[in-house]
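Take a look at the structure set out below.
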Amino acid sequence: MSRQEKLPNQLFYLSLNVCEEILGKNGLVSILNFAGLKKFIGNYPPNDFEMVHDFKDFTRMATTFVEVLGERGARAIMFQAGKRGFSLMAKVAPTLVNIEGIKPEGFATERKFDEFLKMYKIMTDASVAIFGDVYTLLEQEVGMIFEISPCYMCVGMKTENEMCYIQTGFMHGAVAWMLGEETKVEEVLCMAKGDDRCRFVVHRPKD
């Protein structure tokens, strides 16, 4: 599979705003300094789809959390960043992954997980234009399996445990938005700890 080497302004606009919300301005400045991304300090990209930023810059922001905070310290912050990232995207940039006009409250409760599967298929197809052909989406009785290879979150990282908590949080935010309730989302394989891909499972809610 191949990935895009340039990513859109909108992705960095969302990421930087979410990180500032969670870490505060000073915390974000510290992360950007450590990551060697001083160019973004006080200089957030516009909220548009122009493909101008290097892939490695996005990866560097994600991996810096682990380098600075350690695996345990980074988990909660990365998860919240991913979850908040989906929420902000749905509000100010739904066209990024083609979810504009979707109204979860209009679906019957018993159909909402199936509608989530349809929505995530739309999101995945749209994401190919952003990140490249790096995704596999599978539906099973347990729920949904989502795979990334190569992974744009953890490339080059070496950890003992699964560490793509930004992606896990993003998916958690997406399913909670659609269902209006929490359900289990977990990463079961991760390239950072030596697996050949990153695999995430969204479990179908129990009756």
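Kindly provide the set of residues from the stretch 42-73 that are aliphatic (A, V, I, L, M) and either touching a Pro at 6+ places or on another chain (Cβ under 9 Å) or closer than 19 Å to G85 by Cα (or both), ordered by number.
Residues satisfying the conditions are M51, V52, M61, A62, V66.
I'm checking my understanding of the structure. Among residues of the stretch 123-164 that are among the hydroxyl-bearing types (S, T, Y) and outside any helix (DSSP H, G or I), which one is surrounded by the fewest Cβ atoms within 10 Å (Cβ to Cβ)?
T136
What pairs come out if I take residues in the stretch 8-31 that are farther than 21 Å from P94 by Cα and aliphatic (A, V, I, L, M) and pair them with residues that are at pLDDT 95 or above and outside any helix (DSSP H, G or I) whose C-beta lies under 9 Å away, six or more apart or interchain?
From the stretch 8-31, the pairs are L28/I41; V29/I41; I31/L37.
Okay, residues lined up against (1) farther than 23 Å from C198 by Cα; (2) assigned to a helix (DSSP H, G or I); (3) touching a Gly at 6+ places or on another chain (Cβ under 8 Å); (4) of a type in the set (D, E, K, R):
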position	(1), (2), (3), (4)
Q10	yes, yes, no, no
L23	yes, yes, no, no
G27	yes, yes, no, no
S30	yes, yes, no, no
N33	yes, yes, no, no
Y44	yes, no, no, no
F65	no, yes, no, no
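All but one of (1) without any contact (Cβ under 8 Å) to a residue 40 or more places away in the chain; (2) surrounded by fewer than 16 Cβ atoms within 10 Å (Cβ to Cβ) hold for V92; state the number of the condition that does not hold.
Evaluating V92 over (1) without any contact (Cβ under 8 Å) to a residue 40 or more places away in the chain; (2) surrounded by fewer than 16 Cβ atoms within 10 Å (Cβ to Cβ) leaves (1) as the failure.
Check D48 against each of (1) closer than 23 Å to M157 by Cα; (2) surrounded by fewer than 16 Cβ atoms within 10 Å (Cβ to Cβ); (3) touching a residue at least 24 places away in the same chain (Cβ under 8 Å) and name the one condition it does not meet.
Condition (1) is where D48 drops out.
With the structure loaded, tell me whether A74 is closer than 24 Å to P150 by Cβ, within 14 Å of the chain's Cα centre (by Cα) and either surrounded by 18 or more Cβ atoms within 10 Å (Cβ to Cβ) or among the charged types (D, E, K, R) (or both) or whether it fails that test.
no
Could you grab me the full set of residues in the stretch 4-31 that are under 21 Å from V52 (Cα atoms), exposed (fewer than 15 other Cβ atoms within 10 Å of the Cβ) and hydroxyl-bearing (S, T, Y)?
none
Return the residue satisfying two criteria in turn: it lies in the stretch 61-71 and is in contact (Cβ under 8 Å) with a residue 12 or more places away in the chain and over 14 Å from the mean Cα position of the chain (by Cα), and of such residues it is surrounded by the most Cβ atoms within 10 Å (Cβ to Cβ).
So, considering only residues that are in contact (Cβ under 8 Å) with a residue 12 or more places away in the chain and over 14 Å from the mean Cα position of the chain (by Cα), the one surrounded by the most Cβ atoms within 10 Å (Cβ to Cβ) is F65.
The values are calculated or read from the model by the stated rules, or taken from the named source; none is laboratory data. Being a predicted model, the structure only gives us computed values, none of them experimental. FYI the Cβ positions are ideal-geometry reconstructions off the backbone, even for glycines, and counts take in every protein chain you see.
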